[in-house]
């Protein structure tokens, strides 16, 4: 965030000190950014070097826009067809701004087009991400958990939340095919296969597949499944571009959606839709916004040197409301959402059903 500039002529005329920098606007910036993110909007940034003549060229009045400070000023601009009731009092914070939703098709078009273009270095970053995992303690720990050489708490915490949600889905629904996107070495994937088999379904009729970027984890999962007689297929690849040529009864992402870069989320939804049919259930487990903000800050702090094994390359903040809007625009209906947080920090579980 740039340093604040001195007060404007309007500010000086209303008692602000000459030559002094404006009071920090960090709290304003934070409030507006949180409002934008939580409501799934796109914030368009502009350089606030406007003058009377530049604003006049755009049909805007300098005296109506200028406040005591030049940075930052915030304007919510709405089209003529979407103007809601005029508020009876001045909004006290961005959360009070009236935000009438446009036509649902237009809104969905805007939602799914806001992700932008994939940068040319995306595949290079994918390779670095995979290499980072392969050299991190996390890689070894997850393999140890898969083979039972490291303890896993199946009833509590993050794993307990995921497993209990998936167990309930498997028990309630006629599930015979499952797709795990971002499977790691397959700890949860193997559990789901065992759960389906325990429900009395014959092993040959079950189809459980996992997709993972890190090749070492894929090989570990294949080796484990082969040695244990588990009929799970593990695939190495980008979960936003994989094509398995089949539909699934249940698709889930257990703490992996937040590691899909923002500009690839549209591709992720296309992948999910390509492997779904009406009635397919979709399950996400991911950190809530407070935890994502904390993890993103820690990632930025660690990433200064970008040393392998220290920081992930993709760490996104995904508010539940935004993810649900994307799901709706991809033909899924929300069926259940659970906040597992203890206090402010924790995880969210969300279940959806394909309806179109």
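For residue 272, the requirement of being touching a strand residue (DSSP E or B) at 6+ places or on another chain (Cβ under 8 Å) and assigned to a loop (DSSP other than H, G, I, E, B) is not met. For segment 258-285, a residue qualifies if it is in contact with a helix residue (DSSP H, G or I) (Cβ under 8 Å, 6 or more places away or on another chain), under 21 Å from residue 185 (Cα atoms) and modelled with pLDDT of 95 or more, and the qualifying residues are 268, 282, 283, 284, 285. The residues on offer are 169, 179, and the sole one that is part of a strand (DSSP E or B) and under 24 Å from the mean Cα position of the chain (by Cα) is 179.
One residue stands out in segment 326-343 among those that are touching a helix residue (DSSP H, G or I) at 6+ places or on another chain (Cβ under 7 Å) and not in a loop (DSSP other than H, G, I, E, B): the one that is surrounded by the most Cβ atoms within 10 Å (Cβ to Cβ), namely 326.
Before we move on, is residue 215 at pLDDT below 95 and either in contact with a helix residue (DSSP H, G or I) (Cβ under 9 Å, 6 or more places away or on another chain) or under 27 Å from residue 264 (Cβ atoms) (or both)?
yes
Yes/no per residue for (1) in the same structural domain as residue 286 (by TED's automatic domain parsing); (2) out of contact with any helix residue (DSSP H, G or I) (no Cβ under 9 Å at 6 or more places or on another chain); (3) surrounded by fewer than 22 Cβ atoms within 10 Å (Cβ to Cβ):
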residue	(1), (2), (3)
172	yes, yes, yes
178	yes, no, no
183	yes, no, no
189	yes, no, no
202	yes, yes, yes
210	yes, no, no
228	yes, no, yes
247	yes, no, yes
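Scanning segment 146-158 for residues that are at pLDDT 95 or above and not in a loop (DSSP other than H, G, I, E, B) returns a single hit, 146. Taking every residue in segment 204-233 that is over 20 Å from residue 245 (Cβ atoms) and pairing it with any residue that is surrounded by fewer than 21 Cβ atoms within 10 Å (Cβ to Cβ) and modelled with pLDDT of 95 or more, at least 6 positions away or on another chain, the pairs with Cβ-Cβ distances below 6 Å are 215/236.
All conditions in (1) under 24 Å from residue 352 (Cβ atoms); (2) touching a residue at least 12 places away in the same chain (Cβ under 8 Å) hold for residue 152, with the sole exception of (1). Filtered by the rule that a residue be in contact with a helix residue (DSSP H, G or I) (Cβ under 9 Å, 6 or more places away or on another chain) and exposed (fewer than 13 other Cβ atoms within 10 Å of the Cβ), segment 155-170 gives a lone residue, 155.
One residue is enough: does segment 14-23 have a residue meeting the conditions loosely packed, with under 11 Cβ neighbours inside 10 Å, modelled with pLDDT of 60 or more and touching a helix residue (DSSP H, G or I) at 6+ places or on another chain (Cβ under 8 Å)? The answer is yes, given that some residue of segment 14-23 is loosely packed, with under 11 Cβ neighbours inside 10 Å, modelled with pLDDT of 60 or more and touching a helix residue (DSSP H, G or I) at 6+ places or on another chain (Cβ under 8 Å).
The requirement of being exposed (fewer than 13 other Cβ atoms within 10 Å of the Cβ), modelled with pLDDT of 80 or more, out of contact with any helix residue (DSSP H, G or I) (no Cβ under 6 Å at 6 or more places or on another chain) and not assigned by TED's automatic domain parsing to the domain that holds residue 232 is fulfilled somewhere in segment 39-54, by at least one residue.
Residue count for segment 242-260 satisfying the condition of being touching a residue at least 24 places away in the same chain (Cβ under 8 Å), in a loop (DSSP other than H, G, I, E, B) and over 17 Å from the mean Cα position of the chain (by Cα): 7.
The values are calculated or read from the model by the stated rules, or taken from the named source; none is laboratory data. This is a predicted model, so every value here is computed, not measured. We place every Cβ from the backbone using ideal geometry, glycine too, and count neighbours over all the protein chains shown.
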